[in-house]
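To start, the structure itself, in structure tokens.
Throughout, read-outs are computed from the coordinates displayed, never taken from laboratory work. Computed from a predicted structure; not experimentally measured. Neighbour counts run over all protein chains shown; Cβ positions are idealised from the backbone, glycine included.
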Amino acid sequence: MSDPAAWPIDAIRRQFPALVRQKDGEPVVFLDGPAGSQVPKSVADAVTHYLLTTNANHGAAHATSVESDAVLDQAHAALAAFVGTSDPDEISFGANMTTITLGVSRALARHWMPGDEIILSRLDHDANVTPWVLAAEDAGVLVHHIPLRPEDWTLDLDAYHNLLSEKTRLVAVGYASNATGTVNPVREMVAAARDAGALTYIDAVHYAPHGRINVADLDCDFLACSAYKFFGPHVGILYGRRSLLEQVRPYKLRPSTDQIPGKWMTGTQNHEGIAGAAAAVRYLAALDCDGEYAHVGGDYLSIEGLAGQLDRVFARSEEHEERLAERFLQELSSLSGVRIHGITDGDRLSQRVPTFSLTLDNVSPAAAAAYLADRGVYSWAGNHYALPFTLAAGLEPEGTLRLGALHYNTLQEIDRAIACLAEFLEQL
Ligand SMILES: Cc1ncc(COP(=O)(O)O)c(C=O)c1O
């Protein structure tokens, strides 16, 4: 690993106004990133700038509408760079990943027949499960669920390969678990699905702030993520392979366009949010030059330019996050009465992100989260909507205590959070 100083943590933190928040004179520790990240000022500025200077509906002749459409075009390009395609028309926006997935599942299910099968996973957020289950019910299609290996709650890949057949129409799987932090071997899973003739739909919501997405390399058919998890506002993003976006008929209104990407974006979009999502991508890319964010308007880098910057930035942020994960594992192993659900082997850090699901002996995750919150350490308790996992692991109804770090978190913050947890356990 390279020099820790290579990750410009102080310059990064200065860009996030929320991170100066205090509780009882101590800085707050934000380990609630898996539920939503904080945003840099440049993202808030882009939202404000859009609303104050360019606010208009899509497709008119007057200046604000023309300028607004230019902002939206730039956003398609920025998000294309973010997911690793060179085609901005393969990017569409929506309210959030859940709503997008409900729409895509209904559209794809028009092509399913009784006797067809689909494969889902028990490590997924319910947003990548129930939409497909409901669509399968309507189409009379059989649903398989990839089981988990109880030793580390990773996907049972042998079972996955056995489930695949010529009847499989779709494999929907998460890139990384928002409960255990496990990164699934998505590339290998997509290749196997493709060999079987199935389409693939990847939920990259949890993975997006942690690792570089490259749909061209993954060769997946669809991939969805949400900007509020990677330093942007509340907007959902869908990548779809051009040929599929063109062929498949979404549920849409008659007057709206039949061209991609517009045909996949129902209703008037959250333009200011989309401007903010593009600003989140530019914030990330600008970390390549350790630069404070330069501009809100003006000329932007090409898709290729942004993509190159993102490649380099994620290579460095992954190293920083590995150090955070390592520290979590070291410190948590010194606590008795705490169980980590997920990968705990320090030699397998490349298979996880720094998101940890814990249970504590004789005390609920909610009680621990409340104690931490009272001391300015923000976490989360419950099933995190990763219901298939909490059911499979016998963790319902209380779920887990989840601590999740992002690239703006520090080793000192991990130390403080775990010290606080130790204090909670001692006073029980
Ligand atoms: C892994 C994962 N998938 C999907 C979702 C749902 O995303 P959205 O809130 O954009 O619908 C979440 C939200 O927490 C998530 O963590």
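Values computed for the structure shown
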{"item": "The chain: DSSP helices with Cα axial extent of at least 20 Å and average Kyte-Doolittle hydropathy no lower than 0.5", "result": "63-83, 271-286, 411-426"}
{"item": "Residue order, fewest to most surrounding Cβ atoms within 10 angstrom, among Val20, Val190", "result": "Val20, Val190"}
{"item": "At most 12 other Cβ within 10 Å, DSSP loop - GluC sites (Glu not before Pro), segment 90-168", "result": "Glu151, Glu166"}
{"item": "Using alpha carbons only: equivalent-ellipsoid semi-axes of segment 351-407, gyration tensor based, whole Å", "result": "18, 16, 9"}
{"item": "Long-range amide H partners of Trp380 with built H, under 5 Å", "result": "Arg402"}
{"item": "Kirkwood hydrodynamic radius over Cα pairs of the chain, then Stokes diffusion coefficient at 4 °C and 1.567 mPa s, in µm²/s", "result": "58"}
{"item": "Neighbour net charge for Leu120 - beta-carbon separation under 11 angstrom, K R +1, D E -1", "result": "-3"}
{"item": "His234, His271 arranged by Cβ crowding within 10 Å, fewest neighbours leading", "result": "His234, His271"}
{"item": "Debye log10 I(q)/I(0) at q = 0.23, 0.25 Å⁻¹ for segment 206-273, Cα point scatterers", "result": "-1.11, -1.17"}
{"item": "Zero-based 10 Å bins, Cα pair distances in segment 34-159, whole percents", "result": "11, 25, 30, 21, 12, 2, 0"}
{"item": "Table column - 3J(HN,Hα) (Hz), segment 121-127, Karplus curve with 6.51, -1.76, 1.60, x for Gly and Pro", "result": "10, 7, 9, 8, 4, 4, 5"}
{"item": "Net charge, Ala139 excluded, C-beta distance under 14 Å - Lys, Arg +1, Asp, Glu -1", "result": "0"}
{"item": "Whole-Å distance, taken between Cα centres, linking segment 155-172 and segment 335-365", "result": "28"}
{"item": "Over segment 47-289, volume per residue of the alpha carbon convex hull, in Å³", "result": "120"}
{"item": "Cα pair distances of segment 252-371 binned at 5 Å [whole percent]", "result": "2, 8, 13, 11, 11, 11, 12, 12, 10, 6, 3, 1, 0"}
